[in-house]
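Okay, structure first, notes after.
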Amino acid sequence: MTEAMDDSIGAPNGKVKVELTNPKLRTQLHEYGRRNRTDGPYADNLAVDALIVGGGFAGVFMFYQLKKQLGINTVIYEAGTDLGGTWRWNCYPGAMVDSEVPEYQLNIPEVIKAHNWPNNYPNYHDLRDYFDTCDKVLDIKSQTAFESVVTGAQFNTEEGRWSVETADGRTAKAKYLVVCAGFAAKRYVPDWPGIENFTGIIHHSSFWPDEEISVDGKKCAIIGTGATGVQLTQAWGPKAGHLKVFQRTPNLTVPMRQRDLTVEEQEVAKKWYPELLHLREHCFGGFLYTFSEKSTFDDSPEEREQFYEKLWQDGGFRYWLGNYKDYLFDPKANQEAYNFWAKKQRARIDDPKKKDILAPLDMPHYWGIKRPCLEYAYLEQFNRDNVDIVDIKNNAIVNFDETGINLEDGTHHDFDVICIATGFDVVTGGMTAMGLRNINGESLEDQWKSAAYTYLGTTVAGYPNMFHLYGPQGPTLLSNGPTTVEVQGRWIADVIKRCERDGIRYINPTDEASKEWKKKINHLSDISLFPTTKSTYMGGSKPDKAFEQTNYAGGLHNYGEDIRKVLPSFEGFHVVKAAA
């Protein structure tokens, strides 16, 4: 999702540095819903052909496909205050993308022509600029209702329309509901006793204030070492008076290799973008590289070392998704990949105790079965006198009090500023939090408590004419977001185009087709090492969440072929024609 910015001192990109008192800790999206206006997309009893929920990459691409390409009446409901999805919410220090330009953008020619990037791994300010370009070119905001949080929706089979409710009391009706909430729309904050009593500044990272919070001379905590924890550590390490990072599981990071891009080189390269952006759809993870044709032990130890070193120096996700083709399946091959990783990373850490916590010799889990995070100076932060790592794997946080955090062993840690970087109710949470109900009135949240079921990773049985992107049972966390969005988004647009052309009132995936898709999802996962640990792929960090694979693990190219097989016959769908 995101990676780290730089460690420069001061307010980046013109942010105003402020001293904030502690406001109410917000944990739910609906707390941000409010009515801005009463006209246009904000109108009561809005009636449209297609309602898109979410204004990030998926929402923008679907708007382009449905409004600009097909010409159907389309509106976006976005919970944030502007376009950008995660790049409007994630404004914590160091928030940055982990997928490289030019892969990390939409293949919309008009936007590509109008936009250039400052570097190959943009930060959240740069991504916001990109979405502003999308709006200037496509006129999206005029058809977007911001701070509009969906809290309920159900399809009426007689009307052939969705009725969608928002937190501020509006109702809209649409023939097609397109859920573009992504994998990280519902934040996860553990139920720590006393958290409301803490008198310092505390926020979940994805609800971080847009104003910069000063950490100069402050005692700071980061709870969690996912991508956000890595980024924040790099940003706060050089600034904070003292920083403690609370770690349950080491983050097996890989090098980013960020570099500046000139406008001139991008303008020259754009002639190749159509081919490059087509190529990314045929690589496993939607990037411009894929797994080696060789297995780990086809090479000698010396050849393996050279291959690993080349991937490492090239950086990005190449050591993850450009590695030997067998390492995510064969434990012995995986151990070889981990051994090289540990050798590289342990050499960067001075303190022997920190070395064993941050980059242990024994694998905490198989390498690559959790999405690695990109970084450039994460481990070096722990060589600073003001930065500590607190291992909470066997010494958990038990509660908060007015001044800080208490652990199981009775130790207390004082803080002025705390960032809760505990992630999300990942992949499925964005959809289950919307109050979606099937045609029988059952809630999706209840239906998916024991296991999630979709058909093709784009539709759900009992929810006619509803589509979702970059969510459950698509390639999602195993792929580059914009690439996956386009593969799924073009398919959705083609389905809607056919429905409109053929006079179809609605399509509804069958339970049988959904069960078969679930079997495929499980099979692709079970032949790999993914099910060996509870990761974001297998249910995430939320304790009560089902332990199941929520991603299509067969690669983006194969996924695209699978979903295309059901067209034009609508195989696996119950098709209802409009009344004559």
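In the set (1) small (G, A, S); (2) assigned by TED's automatic domain parsing to the domain that holds L477; (3) at pLDDT 95 or above, the condition left unmet by A114 is number (2).
So is G540 at pLDDT 95 or above, assigned to a loop (DSSP other than H, G, I, E, B), in the same structural domain as Y455 (by TED's automatic domain parsing) and not aliphatic (A, V, I, L, M) or not? No, not satisfied.
Among the residues of the range 207-223 satisfying the criterion of being within 26 Å of the chain's Cα centre (by Cα) and part of a strand (DSSP E or B), which is farthest from M466 (Cα to Cα)?
C220
Scanning the range 390-405 for any residue that is of a type in the set (A, V, I, L, M, F, W, C), over 30 Å from P531 (Cα atoms) and touching a Gly at 6+ places or on another chain (Cβ under 9 Å) turns up at least one such residue.
Within the range 470-490, if we keep just the residues that are small (G, A, S) and part of a helix (DSSP H, G or I), the residue that is farthest from the chain's Cα centre (by Cα) turns out to be G489. Here E302 fits the description: surrounded by fewer than 17 Cβ atoms within 10 Å (Cβ to Cβ), in a helix (DSSP H, G or I) and not aromatic (F, W, Y). Going residue by residue through the range 216-229, is there one that turns out to be among the small types (G, A, S), buried (at least 20 other Cβ atoms within 10 Å of the Cβ) and at pLDDT 95 or above? Yes, there is a match, as at least one residue in the range 216-229 is among the small types (G, A, S), buried (at least 20 other Cβ atoms within 10 Å of the Cβ) and at pLDDT 95 or above. Of all residues assigned to the range 90-98, at least one qualifies as being at pLDDT below 95, touching an Asp or Glu at 6+ places or on another chain (Cβ under 6 Å), crowded, with 23+ Cβ neighbours inside 10 Å and not aliphatic (A, V, I, L, M).
Determine whether the range 553-563 contains at least one residue that is assigned to a loop (DSSP other than H, G, I, E, B) and under 30 Å from V189 (Cα atoms). Yes, the range 553-563 has at least one match. Quick one: is L177 buried (at least 23 other Cβ atoms within 10 Å of the Cβ), under 25 Å from Y104 (Cβ atoms) and of a type outside the set (D, E)? Against the criterion (buried (at least 23 other Cβ atoms within 10 Å of the Cβ), under 25 Å from Y104 (Cβ atoms) and of a type outside the set (D, E)), L177 does not qualify.
Inside the range 239-283, residues that are hydrophobic (A, V, I, L, M, F, W, C), part of a loop (DSSP other than H, G, I, E, B) and closer than 19 Å to G229 by Cα make up a count of 2.
For first residues located in the range 290-305 and within 30 Å of T483 (Cβ to Cβ), partners that are basic (K, R) and lie 6+ apart or on another chain with Cβ distances below 8 Å form the pairs F291/K325; S292/K325; E293/K325; K294/K325; S295/K325; T296/R304; T296/K332.
Just one of the listed residues (L436, L444, L469, L456) is more than 30 Å from K244 (Cβ to Cβ), surrounded by fewer than 24 Cβ atoms within 10 Å (Cβ to Cβ), among the hydrophobic types (A, V, I, L, M, F, W, C) and not assigned by TED's automatic domain parsing to the domain that holds T233, and it is L444.
Within the range 26-39, is there a residue that is modelled with pLDDT under 90 and touching a His at 6+ places or on another chain (Cβ under 7 Å)? Yes, because at least one residue in the range 26-39 is modelled with pLDDT under 90 and touching a His at 6+ places or on another chain (Cβ under 7 Å). On inspection, L243 qualifies as among the aliphatic types (A, V, I, L, M), in contact with a strand residue (DSSP E or B) (Cβ under 8 Å, 6 or more places away or on another chain) and closer than 30 Å to I202 by Cα. Being basic (K, R) and assigned to a helix (DSSP H, G or I) is the filter here, so list the residues in the range 491-530 that pass it. Once the filter is applied, which keeps residues that are basic (K, R) and assigned to a helix (DSSP H, G or I), the range 491-530 yields K497, R498, R501, K515, K518, K519, K520.
Within the range 497-505, the presence of at least one residue that is closer than 26 Å to F57 by Cβ, out of contact with any strand residue (DSSP E or B) (no Cβ under 7 Å at 6 or more places or on another chain) and among the basic types (K, R) is confirmed. Restricting the first member to the range 23-40 and to residues that are farther than 28 Å from Y188 by Cβ and outside the structural domain of G430 (by TED's automatic domain parsing), and the second to residues that are aromatic (F, W, Y) and at pLDDT below 70, no beta-carbon pair is closer than 8 Å while six or more apart or on different chains.
Conditions tested, residue by residue: (1) buried (at least 21 other Cβ atoms within 10 Å of the Cβ); (2) among the aromatic types (F, W, Y); (3) touching a residue at least 24 places away in the same chain (Cβ under 8 Å); (4) more than 28 Å from S99 (Cβ to Cβ).
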| position | (1), (2), (3), (4) |
| --- | --- |
| T483 | yes, no, yes, no |
| R490 | no, no, yes, no |
| I496 | yes, no, yes, no |
| I504 | no, no, yes, yes |
| T510 | no, no, yes, yes |
| A513 | no, no, yes, yes |
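Output the qualifying pairs, or none if there are none: Cβ atoms under 8 angstrom, residues six or more apart or on different chains, first residue in the range 404-418 and closer than 15 Å to V387 by Cβ, second residue outside any strand (DSSP E or B) and of a type in the set (S, T, N, Q). Every condition considered, the pairs that remain are F415/T403.
Of the residues L321, L311, L328, L279, only one is within 24 Å of G481 (Cα to Cα), of a type in the set (A, V, I, L, M) and surrounded by fewer than 18 Cβ atoms within 10 Å (Cβ to Cβ); which?
Testing whether each residue is within 24 Å of G481 (Cα to Cα), of a type in the set (A, V, I, L, M) and surrounded by fewer than 18 Cβ atoms within 10 Å (Cβ to Cβ) leaves just L279.
Under 15 Å from F57 (Cβ atoms) and either under 23 Å from the mean Cα position of the chain (by Cα) or in a helix (DSSP H, G or I) (or both): does that describe E103?
So E103 fits the description; yes.
The values are calculated or read from the model by the stated rules, or taken from the named source; none is laboratory data. All values reported here derive from a predicted model rather than from experimental measurement. Quick reminder, even Gly has a Cβ in these numbers, built from the backbone with ideal geometry, and neighbours come from all protein chains shown.
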